[in-house]
Structure formats: structure tokens, C-alpha cells
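K.L.:
To start, I am sharing the structure in question, which I have written as C-alpha cells.
The values are calculated or read from the model by the stated rules, or taken from the named source; none is laboratory data. As the structure is a computational prediction, the values presented were derived from the model and not from experiment. Note that each Cβ is placed from the backbone with ideal geometry, even for glycine, and that neighbours are counted across all protein chains shown. All accessible areas refer to the heavy atoms of the entire protein, side chains included, with ligands and DNA or RNA removed. Shrake-Rupley method; radii C 1.70, N 1.55, O 1.52, S 1.80 Å.
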Amino acid sequence: MPTSHIEKKGAKAKGKSALQKAARLASTQRSHFQKTASTHVTYLWPAATDLHVSCNTEDSQIGVAAAAAAAMAIRNFWSMAAAAVGFRLVLVLFGGDLHLASRPEVSTPLTSIRRLAEGYWLKQASMSPYSGSMYHGSPLLLSVLGPLTNKRSVGHDHIYCSLIFVAVDFIAAMLIRATGRRLQIARNRRLKSLELTEAVSNSVNVSAGDIASLIYLWNPWAIVTCVGSCTSPIENLMVVIMIYGACSRLAPLAAFGYVMATHLSLYPAILIVPIILLLGYGPDAPPTKVFRIKRSSASKTGVSDNDKSSRSRDVQQFLWKPVFHFILWMLFWTFYVLLLSSIVLNKVGGLQEMFKKTYGFILTVKDLSPNIGVLWYFFAEVFDFFRSFFLIVFNMNIVFMVLPLAIRLKHRPCFLAFIYTAIVAILKSYPSVGDSALYLGLLGLFANELAEMQFTFFLFFGYIGVSLLSPVMHNLWIWRGTGNANFYFATGLAYTCLQTVLVVESVSSMIKHDRKLRLLVTA
């Protein structure tokens, strides 16, 4: 936007009262809504406009922001969501055995339903489910999914587990949508307090929650993970529950999701940083410096006290009470999960063996079977003398990135959770496409902020290319014998590079977006 145009708008806004600003903002939002939304919800805007003009309180701002978020909803969302669920059911019920559970891109030693069935059989035989080197998952999954592995249908080995995963995927998508709605409401309210609603809406303003939910439901990787009867959908659901609970400041729900996600897979433990920031600061917002600049400029131009108090409320202030509640609930859920695990493993093992066979198995990378990552190839080639050193290096890589990103993106904790999830998918010891399905769904929550992200065309077709080449290279290596391990490792290396580019470009685009908001406020 030209600088002269911004200065004219700023001068015009300074000369009018707060009541005229609110009326102009309401009319602008109503015209934008009429262009982008269906006509069957237009009756919301007159009431929202009257409410906004009559009073300038925080409740009215939240009401108008909620109406704006509802107005931007995708018209055919429910039909597209139902189609995605129906497509999964068709593949599960009538697709036959697609052999997805044996694909290294889909199933890992931690998420394989076949290994879970083996562990359940050992438990039923009064043996430890961790005997040998087959099962390395949670003992709670043995009690929930184990009995279903014995019930098989013609043409599909684990049809009942797949049906449960279809429901789990749908619940996760709905929670992602609810999280997007809360982020959208907070975003609209913050932009209104900065008087940037019109400038930002002219560029892009879509329902990020609906987009993120549909991306997750229609992601081919999420579909094959669900149909392939892997436990990745349950792990993804726990991460989504944790983020949704933190965005809603529901400490018990956030603590439950965090404890369960960490129990099922060790890596979500680093998400405690964005969860605490979400509970303390609330949903994502522009940097605090932007609000300070706006408040200082407002004090120079003699803005009314109501506007000043409204802007001061929008400045992020850390609240310790929900964080304290989260810690208490986290301790409670940890004790409860360990108690249930000890009950399940009674007389067939213990918690010490569980930790060794789950967390220890994750950190030591003992299983070198091929997967979509790169660690299996690296540790197959490295000398045993250097193995311990490189185990520390690769495991600490994730930890080293936590603090710098938290300092730079502390005002956007939900986006920070997305970045951490993507980094885990890159560097974890046993990755799968289910991990990528999760962070790609969370990426849709920031469709407005990342609208100007670069290399999207390259990333989109790069992911498609890797998805097509990976099975081909695996077939040439394992079954036809016309290739070698380097063929399959090359696709994994390309996949890791694509994810790295996505993370770097996402962070860069978000920083550019915050810088753009600061320039608009300064101008």
C-alpha cells in the first residue's frame, strides 16, 4: 500500500471521534462480508454493527470478531468434511487389504498395529508384551486396541481398528477447526484495536479453521495412515487436544493432551513451551511493540480514554494462574497414566521395562528398518565407536532449537507449536507420513498470515513427487532387486529437505507479516 495513502487514512482517522471510527469499521466489514460469504447469514451484521457502534467494550469487540469469523466460514464445509469421512469408510470397508500397514512410509516400529497385536498376544499368554523386540508402544493401547486386533474381517485384518481411527481423525479435524475459530476471533479483535482491519482484509481474510480442518481431512497421508491401521491418528489427536485446550485456556484438557501425547511418543514433551505461552499470554497476536507504538501515537493525538483502555487490554500480559493449574493437572494426569500402566503390566512386566522399551527404544534408535527419515541409513553406516556421540547430537538437535524459536515467536505460541511439531517430524528417530499430516493441518491455521509465503509451488509438487517416488524406489530395492538402499534413502533425504524449506519459509513469512503490521501502525 503506498505511504501517501496510509498517511491520508491516518490523518482522516485522527480527525474523527471513536464513534465514527466504529461505524466506518462496521460498514467496511459488512461490505467485505457481502463479497465473500453466503447470503443466509447476512442478518448477523446489522445486529453486530449496532452493538459495536452503541458501545466500545471488550465484549462487543469479541462479539463482532466472532460474527466476522462465522461470516468467513467456507460455505460447503460440512459436505466436504462428510465426503472425506465417507471416502475413508469406503476404503476401509470395500477397499480390501491395501497392504498399507506394511509400508515403511506409513507404519513404524512404534505405530505398527501388527506389532501391537503381537504385544497383545504375548500379554494374553502371561508374558511381558515387551519380550523380544516387537512391541514398543504404550501399554494403554494394548488394553484399548488389543482386543480389536483379534476380530478380523475377510479382506481386512484390522477393520475395527481402522474404523476407530476414522472417528479419531474426524474428532481431530473438528478440534483443529475450533482452534482456528479461536485464533481468528483473537486476530480480528487485535487488528481492530490497531485499526488495521480494513488494510489487512483487503489482502486476505479467510476462515483459517475451516481450511486447516479440510487440509487435515483430505490430506492423502492422513488418509493412508488411517486406512493403514497405524496408531499415528491417536498421537495426532492428543497433540491437537493439547493445543486446543491451551488456546481455550482449559488447563485440565491441555494437561491431559500433553501427558498422553508425551506418553505415546516422547517428542511432544518439547511442546510444553508453547503450551505455557498459550495459557499465559493467550492466542497468537502481533508483537507487543506494535501495540506500544499505537498507544504512544494515540497519546500524542489525544485519543479518548476508552480507546486507550481497549488497546491496553489487547497488549499481551502473562497470567500465571492458568499455568499453575496446568502444572497441577499435569502432575495428576501423569500419576494417573503411570498408575494405569502399572495395572496393565501387573505380573507381566513393570514400569522400568516399559520406559526402557519405549523411551529408550526411541532415543537409542535400535531398529534400523527403512523409513521415510534419514537416521536409519546414517546409523547403519556409522561406526559403532561413534554411535553414542551421534545419538547425543541428533537427539540434542531438537532441544537446541526450542529456546531460540521461543524467544523470537513468544507472541505467537500456536504458530510456535506448529514449528515444533514440524521439527519433530523432521528429526525424530522413527518418522512417518502421519507426522507430516499433523503439521500440514496445523499449517492451515495460519493461512492469513502466511499468504505471501514463497516456494509454495515448489513445496507442493515436491511433496507429491516424494509421495510417488518413495514406493517406487522401495519396490526397486526390496522386491525387484534392481536398486539399492541409496535409491530409497534419496527420497527420504529429499523429503527431509522439503520439510526444512517449509519450516524456514514459514518462520520467515510470519516474521515478515509482523514487520508489515509494525510498518502499517508506524505509518
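K.L.:
Quick check: residue separation of Phe390 and Ile171 times 0.36 nm, minus the Cα distance between them. What number comes out in nm?
P.N.:
Difference between extended and current length: 75.0 nm.
K.L.:
With a Förster radius of 41 Å, plug the Cβ-Cβ distance of Ile511 and Trp218 into 1/(1 + (r/R0)^6) and report the FRET value to the nearest 0.05.
P.N.:
Numbers: r = 29 Å, r/R0 = 0.71.
It comes out at approximately 0.90.
K.L.:
Calculated FRET efficiency, Arg75 and Val382, Cβ-Cβ r, R0 60 Å, to nearest 0.05?
P.N.:
Values: r = 54 Å, r/R0 = 0.90.
Efficiency at R0 = 60 Å is approximately 0.65.
K.L.:
Below 8 Å, C-alpha to C-alpha, sequence gap of six or more: please give me the relative contact order for the range 400-510 in percent. Each step should come with its number before you reach the end.
P.N.:
On the way: 70 pairs, mean separation 31.0, N = 111.
Relative contact order of the range 400-510: 28 percent.
K.L.:
Kindly list the residues of the range 267-281 that lie in the label zone of Leu328, defined by a backbone N under 18 Å from the point 7 Å along the Cα-to-C-beta vector.
P.N.:
276, 279-280
K.L.:
Could you report the accessible area of Trp218 in Å², rounded to 10, computed with a 1.4 Å probe on the protein chains as they sit in the structure?
P.N.:
110
K.L.:
Next up: Can you tell me the relative contact order of the range 85-173? Whole percent, Cα pairs under 8 Å, sequence separation 6 or more. Don't skip to the end; give the middle numbers.
P.N.:
Values: 73 pairs, mean separation 26.3, N = 89.
Relative contact order here is 30 percent.
K.L.:
Whole-Hz ³J(HN,Hα) for each residue in the range 108-121, computed from phi via Karplus 6.51 cos²θ - 1.76 cosθ + 1.60 with θ = phi - 60°, x for glycine and proline: what do you get?
P.N.:
With coefficients 6.51, -1.76 and 1.60, one gets 10, x, 8, 10, 5, 6, 5, 5, 5, 4, 5, x, 5, 5 Hz.
K.L.:
Dividing the alpha-carbon radius of gyration of the range 429-523 by 2.2 N^0.38 Å (N being the number of residues), what value is obtained?
P.N.:
Numbers: Rg = 17.6 Å, N = 95, 2.2 N^0.38 = 12.4 Å.
Here the answer is 1.42, to two decimals.
K.L.:
Here's a follow-up. Working out 0.36 nm times the residue gap between Ala485 and Leu338, then minus their Cα-Cα distance, what length gain in nm do you get to one decimal? The partial results should precede the final answer.
P.N.:
Working: separation 147, 0.36 × 147 = 52.92 nm, distance 4.01 nm.
So the extension gain works out to 48.9 nm.
K.L.:
While we're on this one: How high is the FRET efficiency from Leu493 to Glu452, r the C-beta distance, R0 30 Å, rounded to 0.05?
P.N.:
Details: r = 29 Å, r/R0 = 0.95.
According to the calculation, E is roughly 0.55.
K.L.:
Can you find, among Pro471, Leu438, Val503, the residue sitting farthest towards the positive end of the charge dipole of the range 430-523, where Lys and Arg contribute +1 and Asp and Glu -1 at Cβ?
P.N.:
My answer, from the dipole projection, is Val503.
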